[in-house]
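Here, each number is a calculation from the coordinates, and none is a lab measurement. Because the structure is predicted, anything quoted here is derived from the model rather than measured. Here Cβ is always computed from backbone atoms with ideal geometry, including for glycine, and neighbour counts include all displayed protein chains.
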Ligand code: ADP
């Protein structure tokens, strides 16, 4: 039962974390803007005023040249609309025009500014100079002088304040408050939206995964629109498919193995009883019966060993003992161990090697793979008792094939033969013994070796089981 407690905020959840990060981010931006506002306003204002003053001086010059009569009127308008002071002096320092200014400016300061800029203009070969004067009372201003030697040696002087007035500053401040408010609101809404969008598919997947945990393999995994969650959904769906398959095969193995175990056990019991009741005193008969018991025990043993190997592979306990291996020699060893069938069972087992070459792998494990392919070819050869073991070089790879012309595998079952406990339907009809473990061990070993492997098979015509590995140079 789930606890019905007070709802607490989970600070580790995606939702809360995203939201907090967004809000934190918005706050940082606001604080930075707020701290830098004075700096920005003043600097921006100053540079704007500076370039504006230069432009004004140029337009005043052309007006003074071209329209001297209307100059007074023009200069008045300009001074008022730009909030600057304009003055034009002639050679003797007499003011020809003295415009108005609407900024606080004492007469003493004013006269000293004019003196300073004129002195600077006299000491320079240029026809214009500018001065930025910054007094302790923060009355920062630009004083600009432009000499027009060709027109009665006149000088245009402009004094322009370089600080924003109080109204401008308060407008910008209130604007910042609004911006701050909007940014915070946007950050919160965006974070809520984003965190929900991020968390939704994960929450959905968690619900589906716990359904799967309860054994419902039909559950669907919806990964939403994000690549990562879609990928996770795909992986979970794959895991669910594999789990379902394994469970199915495991049920099968219980049936198969119990059948496989039962047969030898019944035989062992019956023959033991026979020795006990009948053949105990007859050495020839008794030996015959004992041999049956031994061979049945061997079969049981093989079955148990296979199952142990399988479970080792499954739990990743297998460590490869890799070395340079002459694959042709290894295949020959495998072939030799089956060659006895040629003599005893009228089997036609052929070996077609290629030139000696080396691969890097675990000798014993690869021998196990080869033996498995060959014993399957023998086991599923049906009435056609022929199989070919062939080695082929192809570029930098060497291929090991075991080809038989036996029962083959139905098309829709081919992809399953590598699965644990899988046995094709034909086995059950023909009562061929097996566990369905061999090829899944082969698959495990070849995968550990990064080898390619496969099977081509046609039902009723035969199979070609193969694997290939990179050829190495033997040192
Ligand atoms: P087992 O042979 O013990 O059943 P394997 O894992 O070796 O288990 O093989 C799995 C299944 O693949 C076999 O049951 C058989 O149906 C099929 N199979 C394997 N090799 C061959 C082959 N050469 N020809 C036909 N079927 C084969």
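Quick look at the values:
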{"read-out": "Label zone at residue 425, where the point sits 7 Å out along the Cα-to-Cβ direction: segment 447-475 residues whose backbone N lies under 18 Å", "value": "457-462"}
{"read-out": "MRE, 222 nm, helices only [DSSP H, n ≥ 4, -39500 (n - 2.57), over the chain, to nearest 500]", "value": "-20000 deg cm²/dmol"}
{"read-out": "Stretchable slack from residue 290 to residue 318, in nm (0.36 nm times residue separation minus alpha-carbon distance)", "value": "6.5 nm"}
{"read-out": "Tilt relative to the chain, helix 71-82 - C-alpha long axis, 0 to 90 degrees, to 10", "value": "40 degrees"}
{"read-out": "Ellipsoid equivalent to the chain - semi-axes via the Cα gyration tensor, in Å", "value": "102, 31, 17"}
{"read-out": "Cα centroid separation, segment 363-418 to segment 286-343 (Å)", "value": "16 Å"}
{"read-out": "Extension reserve of the residue 196-residue 39 stretch, reckoned as 0.36 nm per residue once the Cα distance is removed", "value": "52.6 nm"}
{"read-out": "Kirkwood estimate for segment 320-470, i.e. one over the average of 1/r between Cα atoms, Å", "value": "15.6 Å"}
{"read-out": "Rounded to 5, the percent of DSSP beta bridges in the chain classed as antiparallel", "value": "90 percent"}
{"read-out": "Estimated distance in nm for a label pair at residue 139 and residue 266, the labels positioned 7 Å out from Cα along Cα-to-Cβ", "value": "12.0 nm"}
{"read-out": "DSSP bridge pairs, segment 254-412: antiparallel proportion in percent, nearest 5", "value": "70 percent"}
{"read-out": "Modelled FRET efficiency - R0 45 Å, residue 24 with residue 355, Cβ distances, 0.05 increments", "value": "0.05"}
{"read-out": "FRET efficiency, 1/(1 + (r/R0)^6) with R0 60 Å, evaluated for residue 222 and residue 169 via beta carbons", "value": "0.65"}
{"read-out": "At q = 0.15, 0.17, 0.32 Å⁻¹, base-10 log of I(q)/I(0) for segment 375-425 (Debye sum, equal scatterers on each alpha carbon)", "value": "-0.54, -0.66, -1.12"}
{"read-out": "Relative packing of 417-426, 120-129, which averages over residues the other C-beta atoms within 10 Å, highest first", "value": "417-426, 120-129"}
{"read-out": "Compactness of segment 227-312, expressed as Rg and Dmax over alpha-carbon positions, Å", "value": "22.1, 77"}
{"read-out": "Where the Cα pairs of segment 14-169 fall when distances are cut into 5 Å bins, in %", "value": "2, 8, 16, 19, 16, 11, 6, 5, 4, 4, 3, 3, 2, 1, 1, 0"}
{"read-out": "Contact order normalised by residue count of the chain, Cα under 8 Å, 6+ apart, percent", "value": "10 percent"}
{"read-out": "In degrees, nearest ten, helix 283-314 long axis to first principal axis of the chain (Cα)", "value": "0 degrees"}
{"read-out": "Overall Cα dimensions of segment 256-395, principal axis frame, Å, largest first", "value": "65, 40, 26"}
{"read-out": "Inter-probe distance in nm under a simple model that places probes 7 Å from Cα toward Cβ, at residue 336 and residue 244", "value": "5.0 nm"}
